[in-house]
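Following: one structure in structure tokens, then a few remarks.
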Amino acid sequence: MIYLDYNATTPLRPEVLEAMLPYFQRHFGNPSSVHGAGRQAKQGVEEARERIAEFLHCRPAEILFTSGGTESNNLALTGMRHALRHKGQHIITTAIEHSSILEPLDALATEGATITKLPVNSEGRVNADDLVAALRPDTVLVSISLANHEIGTIQPIAELSRLTRARGVCFHVDAVQAAGKLPLDVTSLGVDLLSLSAHKISGPKGVGALYVRKGTTLSPLLRGGPQEREKRAGTENVAAIVGFGIAATLAARELERSIAHCCQLIQQLWNGIVQRIPGTFLNSPLHQRLPNTLNVGFSNAAGEGLMMGLDLAGIAVSTGSACAAGSLEPSHVLLALGRTAEEAKSALRFSVGKETTTQEIDRVLEVLPHVVERVRKAVES
Ligand SMILES: Cc1ncc(COP(=O)(O)O)c(C=O)c1O
């Protein structure tokens, strides 16, 4: 199989698996237990916390482990809303966020919060003036992703957070797709909260983290035991947390090489598509985009059909986010860029990674023109 769906998930690195294995057997203790077995598990969790803190350039005490990006986003939004209820009702986000941002905000709206969804330009970028105009005296939180999961657009987060925090409003960034693809530093980003997910950086599924700047008040989502400084109850997923820590260290170490590798592959892919297939258009921006992501529209073809045709040839790509896969609705991200429903439905997202090779891209460029032709013919007939 040729796997070009790294934005959905990434293969687990062997070094990560190896680090995790002892925590399923020998080091099986509960990190909350005070005996030796418990202390050993706790040490694994705390070492991983230090690794994630190093990854984000923050203090270990500012990291909370969660069950993944979805929980981190839910905790940030719902936790801040409940903690700041007395201060105001208004939350700002964008029209192109992941469902793990938009759905919890819809739920908060039913409980009395007011949500503003900022528009984006044709490249998926938020305008700072729109953000400033949307800020109100009762705004308590702004949540904007660093890089979009479908098209890869990078937002000017440092500027947006500076304008927001200057008005005393907290800023949350979903960095799930940016992690491992861009350098991350919470101080230069200037954010109060930041979400991560391990399985997007060659770590295990079902574990993530939320950075919470020291002094930020946050109500817990899960209540029970005193784990994670009473902000996230429940016995820690020790093996997964250990794997997450190793994955973050490796991702940071190899970041530059990985960016160069992905940029080259995406350039090869886009050049090949333009040369071989007429009637294509780019949904991703040319600049300020994730190095590994390319979203392309194929006029008069359905992305779903293209994706299935490629799958039959052993090539895995997606039509949008994995969470929306199988949905017949056009992508809300592409609609927000101003694409028509038909254009949006003709899109494919290619996302490459460390293990992708130029030979694999050559093979995709061999197969793709035939698949597009077949799907277009089916539409015509
Ligand atoms: C931008 C973004 N945020 C959050 C998530 C959810 O992360 P998880 O799969 O760890 O719940 C995803 C997953 O695709 C994502 O792309």
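Overview of results
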| item | result |
| --- | --- |
| Leading residue by the ranking (surrounded by the fewest Cβ atoms within 10 Å (Cβ to Cβ)) among those in region 3-26 that are within 16 Å of the ligand (Cβ to nearest atom) and of a type in the set (A, V, I, L, M, F, W, C) | Leu12 |
| From the options Ser161, Ser188, Ser145, residue that is within 20 Å of His332 (Cβ to Cβ), in contact (Cβ under 8 Å) with a residue 24 or more places away in the chain and either among the hydroxyl-bearing types (Ser, Thr, Tyr) or open to solvent by 20 Å² or more (accessible area, probe 1.4 Å) (or both) | Ser145 |
| Residue match in region 249-261 (condition: away from the ligand (no atom under 14 Å from the Cβ), acidic (Asp, Glu) and open to solvent by 20 Å² or more (accessible area, probe 1.4 Å)) | yes |
| Flag if Ala301 is surrounded by 14 or more Cβ atoms within 10 Å (Cβ to Cβ), in contact with a helix residue (DSSP H, G or I) (Cβ under 9 Å, 6 or more places away or on another chain) and under 27 Å from Asp185 (Cβ atoms) | no |
| Whichever residue in region 69-80 is under 14 Å from the mean Cα position of the chain (by Cα) and surrounded by fewer than 24 Cβ atoms within 10 Å (Cβ to Cβ) and, among such residues, is nearest to the ligand (Cβ to nearest atom) | Thr70 |
| Residues located in region 191-234, provided they are under 16 Å from Gly180 (Cα atoms), in contact with a helix residue (DSSP H, G or I) (Cβ under 7 Å, 6 or more places away or on another chain) and open to solvent by 20 Å² or more (accessible area, probe 1.4 Å) | Lys205 |
| Selected residue (only one of Ser143, Ser202, Ser122, Ser195 is part of a loop (DSSP other than H, G, I, E, B), hydroxyl-bearing (Ser, Thr, Tyr) and within 15 Å of the ligand (Cβ to nearest atom)) | Ser202 |
| Matching residues, region 93-117, being part of a strand (DSSP E or B) and more than 16 Å from the ligand (Cβ to nearest atom) | Thr114, Ile115, Thr116 |
| Subset of region 278-298 (residues that are assigned to a loop (DSSP other than H, G, I, E, B) and open to solvent by 10 Å² or more (accessible area, probe 1.4 Å)) | Pro278, Gly279, Leu286, His287, Gln288, Pro291 |
| Test: residue in region 155-168 that is assigned by TED's automatic domain parsing to the domain that holds Thr66 and within 12 Å of the ligand (Cβ to nearest atom) | yes |
| Filter result for the condition that a residue is in a loop (DSSP other than H, G, I, E, B), among the small types (Gly, Ala, Ser) and away from the ligand (no atom under 16 Å from the Cβ), over Gly38, Gly29 | Gly29 |
| Residue in region 193-214 that is in contact (Cβ under 8 Å) with a residue 24 or more places away in the chain, more than 25 Å from Glu50 (Cα to Cα) and of a type in the set (S, T, N, Q) present | no |
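The values are calculated or read from the model by the stated rules, or taken from the named source; none is laboratory data. Computed from a predicted model, the values in this text were never measured in an experiment. Positions of Cβ are generated from backbone atoms using ideal geometry, with glycine treated the same way; all protein chains shown enter the neighbour counts. The area values use the complete protein model at the heavy-atom level, side chains included, leaving out ligands, DNA and RNA. Shrake-Rupley method; radii C 1.70, N 1.55, O 1.52, S 1.80 Å.
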